[in-house]
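Have a look at the structure below, then the notes.
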Amino acid sequence: MAQEAATRRAVLPGLAVTVVAAAAGYGVAANSSAADAKSVTAAANGGATAPDTQGPLAQLADIPQNGGLVLRAEGIVLTRDGGDNVQGFSAVCTHQGCTVSSVTQGQIICPCHGSRFDASTGQPVAGPAKKQLPPVNVAVRDNAVFGV
Ligand code: FES
């Protein structure tokens, strides 16, 4: 029981961030033309489609440059270059299915067995994973990231 409560406490801050981000994104989308794509960066051809959402997956400001953001609920990891280009990948490690935990120094990290993936391609660069993280097509517009 105590462990369940601890787990809930650990999850709630993430949910709050997601809800706030979604609400903020709705406001942005409602006050702008969603068709005005300022910059679009889709992952490699053949990428998966992000879950159909009414709002953005994240605000661009929430994704550090040369870093990333793991969206656990959506099963997506967003990575950002030194500018405003964002790429999406499945957050499910291709080794044994753990959710990746972070993006640092140009690599997406899986905490379970130490696999690391290139943040710009999703290709495995270290650890037991041998397959690429499948790309998820995303687009940046109005300073937010949307599934496409
Ligand atoms: S599940 Fe990711 S390294 Fe094993």
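Overall, the anisotropy analysis places the range 72-120 in the oblate class: the square-rooted eigenvalues a ≥ b ≥ c of its C-alpha gyration tensor yield a/c not less than 1.5, with a/b not exceeding b/c.
What number comes out for the charge environment of VAL125, summing +1 per Lys or Arg and -1 per Asp or Glu over other residues with Cβ under 10 Å away? After counting each charged neighbour, the total is 0. All other residues whose Cβ lies under 15 angstrom from that of THR104 are scored, Lys and Arg at +1 and Asp and Glu at -1, for a net of 0.
Straightening the chain between THR121 and SER102 buys 5.3 nm, computed as 0.36 nm per residue apart minus the Cα-Cα spacing. Proximity of backbone amide H atoms, modeled 1.01 Å from N, is registered between ILE76 and LEU71, ALA91 at under 5 Å, excluding neighbours fewer than 5 places apart on the same chain.
Taken together, the values in this text are just the output of simple stated rules run on the coordinates, not laboratory data. Remember, predicted model here, so these are calculated numbers, not experimental data. We place every Cβ from the backbone using ideal geometry, glycine too, and count neighbours over all the protein chains shown.
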